[in-house]
Amino acid sequence: MALGGFSTTGDECPLPLGAELIAPTSSAWRLGTTPVRTLTADSGARRVHLLGWCGATDAHMSALVNRPVPTDVAWRWPGNYAVVEENSDNVVLHTDPVSAFPLYCVPWRSGWAWSTSARLLAALAGSGPDAQRLACAVLTPSVPALAAGRSFFTNVEQVAPGCRTELPRIGTAPRRINLWRPDPEVSRLAHRHLRHTLAGSVTLRTEADPRLSSDLSGGLDSTSVAVLAADSLPAPHRLNAVTIHPEGNHGGADLRYARLTAASNGRIVHHLLPMNARHLPYTFITSVPPTDEPAPSTLTQARLRGQFRWMRDHLGTRTHLTGDGGDSVLFQPAAHLADLIRHRHLGRAASEAFGWARLRRTPVTSLLRDAVAMARTGRQAALIGLAGHLVGQNIGNRSGRHWFPLLPLPDWAEPAAVRCVVDAFRKAATHPDPLAGLDASVRIAVDEIREVARTAVADAELAASCGVDLHNPFLDPTVVNAVLTNPLERRPAVHAYKPLLVRAVGDLLPPEVAARTTKGGFDADHYAGMRANLDDLAVLTDGHLVGLGLIEPRRLRSQLRRAAAGIPMSLATFEQALTAEAWLVAHHREPAPTWTTQPVRSAP
């Protein structure tokens with residue numbers, strides 16, 4: 001499913017095979033069933049498209065087309081969406097600030113093509129995978145700042161989030177104005193605003209599809225979404241809530257908390273879904289469909305897609321809600337200590353540092369020393385310093401790592417891959433930060449949330465391949481904005497476990513769930529899956545990434561064997577390499593999308 005168009009109009013504009021025009025005389029098209037609402041101005045010279053899931057009413061839409069579009073249009077209502085204006089001399093894209101509904105663009109003839117699909121635009125432009133972008137994804141996954149403005153295909157750019165971007169009819173450079181900035185809002189209480197926006201985001205989906213389902217993992221995030229969904233469903237509908245668990249294990253803590261929630265809410269129908277050896281991580285990871293970028297759930301796709309198919313076949317699920325994104329939105333980055341020091345809240349900084357040190361079993365003196373160093377270092381200086389560190393100059397190593405925590409470079413990374421990363425650091429440092437001046441913890445959170453939200457679209461593509469429309473309400477811009485605009489004085493302590501969410505929806509949760517401070521996992525399954533799929537994974541160590549000159553296969557294969565044997569080691573970059581390789585296999589396995597100039601009918 002994809003949407004797109006051109007900055008020009010005319011019969012010469014091609015369409016992806018199977019797509020249809022959204023409206024007569026428009027260059028905008030739709031492939032699939034993504035919601036689109038279109039209105040034409042009374043003068044006939046202007047058209048506005050609202051793309052995606054959005055809570056705007058018909059009255060709101062009428063106001064958009066006959067008046068100037070408000071600056072906050074892309075985060076004014078619940079949902080994940082974008083707004084596109086077609087004018088006589090340009091096309092204007094209003095992008096959401098979170099990247100939950102990303103748009104991409106590429107030069108085309110004398111103008112520009114835009115789309116929700118980077119892969120479709122790559123086929124139009126004849127572009128292939130971007131080696132530098134892949135190198136950054138594999139070696140520096142903890143530095144999302146390096147991905148800003150880039151897709152995984154050469155020459156295909158991501159339209160800047162939270163911006164008004166004008167694509168001229170004639171192919172001059174796009175003109176961008178950053179419109180979103182999460183400055184503190186002292187007039188609103190964040191927990192009440194979070195309750196209002198999260199409930200609105202969930203209700204948007206339940207009203208659109210009352211037969212939807214939801215995760216119920218037992219953690220705070222999915223439980224909050226599930227109870228809000230159950231309470232917002234119109235009678236007589238009840239919520240199908242699904243808890244996955246290891247086959248034969250019915251005594252885990254997560255399952256206990258999920259059962260407590262289901263028992264306390266009569267609007268929830270609880271379903272247990274056991275997972276067995278067929279669903280282990282690393283199983284058939286190259287069977288994923290081609291997506292715009294490597295999907296975060298590639299390594300666990302057997303479990304994920306198994307759940308989607310089961311829900312589709314047994315529950316009739318078409319729409320599914322998760323609590324994904326809640327961790328990134330709700331956890332306070334450690335940079336919060338540096339913010340407290342910079343704003344001279346020294347007593348609170350010391351108190352929270354002691355709490356964080358106890359939780360992490362870390363010396364408090366080193367935490368405070370690092371916070372002081374970070375408070376004295378700007379974001380751009382940190383990027384420059386880390387570029388120097390990677391080439392052995394050791395410039396700004398300590399303070400830079402507080403802004404952007406680097407993973408150790410693996411011995412299987414080729415020098416060409418390291419050069420790609422260094423160049424990306426230097427390029428990122430030369431670009432002015434559109435959000436300069438924000439507190440460090442907020443600026444870091446913006447980067448992380450945008451990375452999580454954008455990559456979640458690839459997971460949604462995996463779900464769509466199973467006939468399920470996947471939604472993550474925590475990543476709606478209204479929800480993110482409610483959290484990030486919380487003033488420093490009211491932000492939770494860095495060591496606290498999601499107190500803002502508990503204050504927001506704690507009255508809807510069983511007391512035991514609201515008091516929860518941990519979450520279970522499937523870490524042991526990763527090693528079992530690695531051992532079970534060792535031969536198939538070994539083949540992936542000498543594939544497309546090797547052909548791009550990014551990894552040395554013999555050393556990567558050696559790490560795979562050591563990891564499968566249970567030798568303790570960091571798996572982050574290793575798993576990123578396998579995820580990227582699986583994406584490349586899927587991209588090269590499937591034919592490139594086809595574009596055609598054959599006329600098609602307009603969408604109804």
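The values are calculated or read from the model by the stated rules, or taken from the named source; none is laboratory data. What you are looking at is a predicted structure, and each value in this text was computed from that prediction instead of being measured. Every residue, glycine among them, receives a Cβ derived from its backbone with ideal geometry; neighbour counts consider all protein chains shown. Just so you know, the surface numbers come from the protein's heavy atoms only, side chains and all, with ligands and any DNA or RNA stripped out. Shrake-Rupley method; radii C 1.70, N 1.55, O 1.52, S 1.80 Å.
May I ask you to compute the full-extension gain from HIS237 to VAL69, defined as 0.36 nm times their residue separation minus their alpha-carbon distance, rounded to one decimal in nm?
Gain in length upon complete extension: 56.8 nm.
What shape does the stretch 301-458 have by the C-alpha gyration tensor, where a ≥ b ≥ c are the square roots of the eigenvalues, rounded means a/c under 1.5, and otherwise prolate means a/b greater than b/c and oblate the rest?
oblate
Pairs of Cα atoms under 8 Å, at least six residues apart: use those to get the relative contact order of the stretch 188-238, whole percent.
Normalised by residue count, the contact order of the stretch 188-238 is 38 percent.
Assuming a ≥ b ≥ c are the square roots of the Cα gyration tensor eigenvalues, decide whether the stretch 402-508 counts as rounded (a/c under 1.5), prolate (otherwise, with a/b larger than b/c) or oblate.
It is oblate, given that a/c is not under 1.5 and a/b is not larger than b/c.
With contacts defined as alpha carbon pairs under 8 Å and 6 or more residues apart, what's the relative contact order of the stretch 44-156 in percent?
Contact order relative to length: 19 percent.
Could you please report the charge total around ALA532, scoring K, R as +1 and D, E as -1 over all other residues with beta-carbon less than 12 angstrom from its beta-carbon?
Around ALA532, the surrounding residues sum to -1.
Under the classification rounded if a/c is under 1.5, otherwise prolate if a/b is larger than b/c and oblate if not, where does the stretch 363-446 fall, given a ≥ b ≥ c as square roots of the Cα gyration tensor eigenvalues? Provide the component values of the computation, followed by the final result.
On the way: a/c = 2.14, a/b = 1.31, b/c = 1.64.
Oblate, since a/c reaches 1.5 and b/c is not below a/b.
Could you calculate the contour length gain from ARG318 to ASN155, that is, 0.36 nm times the residue separation minus the distance between their Cα atoms, to one decimal place in nm?
Details: separation 163, 0.36 × 163 = 58.68 nm, distance 3.48 nm.
Once the chain is fully extended between ARG318 and ASN155, it gains 55.2 nm.
In the chain, what % of DSSP beta bridges are antiparallel (nearest 5)?
Working: 46 of 63 bridges.
Of the beta bridges lying entirely in the chain, close to 75 percent run antiparallel.
Could you tell me how far the Cα centroid of the stretch 271-323 sits from the Cα centroid of the stretch 488-559, in Å?
16 Å
Rounded to the nearest percent, how much of the accessible area of the stretch 72-119 (1.4 Å probe, protein heavy atoms only) is carbon and sulfur?
Taking all protein chains in place, the stretch 72-119 shows 45 percent carbon and sulfur surface.
I'd like the Karplus ³J(HN,Hα) series for the stretch 62-71: coefficients 6.51, -1.76, 1.60, θ = phi - 60°, whole numbers in Hz, and an x wherever there's a Gly or Pro.
Residue by residue, the stretch 62-71 yields 4, 5, 5, 7, 10, 9, x, 5, x, 5 Hz.
Using a Förster distance of 51 angstrom, determine the FRET efficiency expected from the C-beta separation of ARG192 and VAL391, and round it to 0.05.
0.55
Residues with beta-carbon under 15 Å from that of THR154, excluding THR154: net charge, scoring Lys, Arg +1 and Asp, Glu -1?
-1
Could you work out the helix-only [θ] at 222 nm for the chain, with each DSSP H run of four or more residues adding -39,500 (n - 2.57) and the total divided by the number of residues, to the nearest 500 deg cm²/dmol? Spell out each step's value before the answer.
Working: 23 runs with 249 residues, N = 604.
So the helix-based figure for the chain works out to -12500 deg cm²/dmol.
Want the number for VAL269 to ASP535: 0.36 nm per residue separation, take away the alpha-carbon distance, what's left?
Computed gain between VAL269 and ASP535 is 91.7 nm.
Relative contact order (percent) for the chain, with alpha-carbon contacts under 8 angstrom and 6 or more residues of separation?
Relative CO of the chain lands at 20 percent.
Place the peptides 119-128, 532-541 in order of packing, highest mean first, counting for every residue the other Cβ atoms within 10 Å and averaging per peptide.
Values: 119-128: 20.1, 532-541: 17.4.
The most tightly packed comes first, giving 119-128, 532-541.
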